[in-house]
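Written below as C-alpha cells is the structure these notes are about.
The values are calculated or read from the model by the stated rules, or taken from the named source; none is laboratory data. The structure presented is a predicted model; accordingly, all values stated were derived computationally and were not measured. FYI the Cβ positions are ideal-geometry reconstructions off the backbone, even for glycines, and counts take in every protein chain you see.
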Amino acid sequence: DTEVTQTPKHLVMGMTNKKSLKCEQHMGHRAMYWYKQKAKKPPELMFVYSYEKLSINESVPSRFSPECPNSSLLNLHLHALQPEDSALYLCASTWGDREKLFFGSGTQLSVL
Amino acid sequence: GQNIDQPTEMTATEGAIVQINCTYQTSGFNGLFWYQQHAGEAPTFLSYNVLDGLEEKGRFSSFLSRSKGYSYLLLKELQMKDSASYLCAVRGPGSARQLTFGSGTQLTVLP
C-alpha cells in the first residue's frame, strides 16, 4: 500500500459548522503533514506531526485544530471557518526526514 | 528563508522537448524536488536532486547546480497528459518539514 487516503474528497460547510478532515496511510511513515493550497498557488505548510507529536505549527489560526490519534491517522478539525479558508487541503507523509512527500488526493473545501 | 522562482506558464507542442527552470535563494539547502500536479489533484513526485548533475528517469530529467542556485526539469517526447503544473520545491536545513514550494509552472501541451 503506497497511498495516502483522504476523506472526504469534497466538503461544503457553513461558517458555524464543525467538521473534520481525515487522512490515513499504512506505509509506516512516521511524519505526517497538512498543507493548504489555494487555486494556482503552491501548497503551504500548516502542521507537521513527527512520531505522533506536533512538531511544527506554521502560525495557523486556532479554528484549525490538528490531531494525530496514532501513527497511521491524521485529522484536521475545522470550526468557525471563514470563506477565505476555502482551498484544497492536502495531507502528506514521509518515512523519515530525508524522504520525499507522498500526498493524498486532497479535500476540496468550500466555506459558505 | 527560501525564495524560489519559476516561470508562471509555458506552452509546448506534443512530441517536443521542454525545459522548466527553477532558481532559488535559500538560507540552507538540503535537496530539491520536482512535483507534477494536475488540476484538482495531489502533487506527485517526479525527481529529487541533492548533488550537482543530471538525474534521468525515463522521459523526465532534472538538473541541479548548487553553486548557481539553479535547477531545471526536462520533459522529452511531450504528451498531452503532461499538461499540468510543475512545482519546484527546496528542502532547507534539518528536515523535510522545511520543504518550500515554488509557485509552479503551468505547462500546456498543444497537439
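Considering the stretch A:71-112, and only residues there that are away from chain B (no Cβ under 14 Å) and assigned to a loop (DSSP other than H, G, I, E, B), the residue that is modelled with the lowest pLDDT turns out to be A:Ser71.
Restricting attention to the stretch B:72-85, report how many residues are under 22 Å from B:Thr26 (Cβ atoms) and away from every other protein chain (no Cβ under 11 Å).
Restricting attention to the stretch B:72-85, the residues satisfying the condition of being under 22 Å from B:Thr26 (Cβ atoms) are B:72-73, B:85.
Then keep just the ones that are away from every other protein chain (no Cβ under 11 Å); that gives B:72-73.
Selection size over the stretch B:72-85: 2.
How many residues does the stretch B:1-47 hold that are within 14 Å of chain A (Cβ to nearest Cβ) and either over 19 Å from B:Lys76 (Cβ atoms) or assigned to a loop (DSSP other than H, G, I, E, B) (or both)? Final tally of qualifying residues: 23. Would you call A:Glu52 of a type in the set (Asp, Glu), away from chain B (no Cβ under 14 Å) and farther than 25 Å from B:Gln106 by Cα? It is true that A:Glu52 is of a type in the set (Asp, Glu), away from chain B (no Cβ under 14 Å) and farther than 25 Å from B:Gln106 by Cα.
Condition first: under 24 Å from B:Thr11 (Cα atoms), over 13 Å from the mean Cα position of the chain (by Cα) and at pLDDT 95 or above. Can you find one or more residues in the stretch B:58-72 that meet it? Taking every residue of the stretch B:58-72 in turn, at least one turns out to be under 24 Å from B:Thr11 (Cα atoms), over 13 Å from the mean Cα position of the chain (by Cα) and at pLDDT 95 or above.
Scanning the stretch A:10-23 for residues that are surrounded by 14 or more Cβ atoms within 10 Å (Cβ to Cβ) and farther than 17 Å from A:Leu88 by Cα turns up just one, A:Asn17.
Against the list (1) within 11 Å of chain B (Cβ to nearest Cβ); (2) surrounded by 20 or more Cβ atoms within 10 Å (Cβ to Cβ), the condition A:Glu3 fails is (2).
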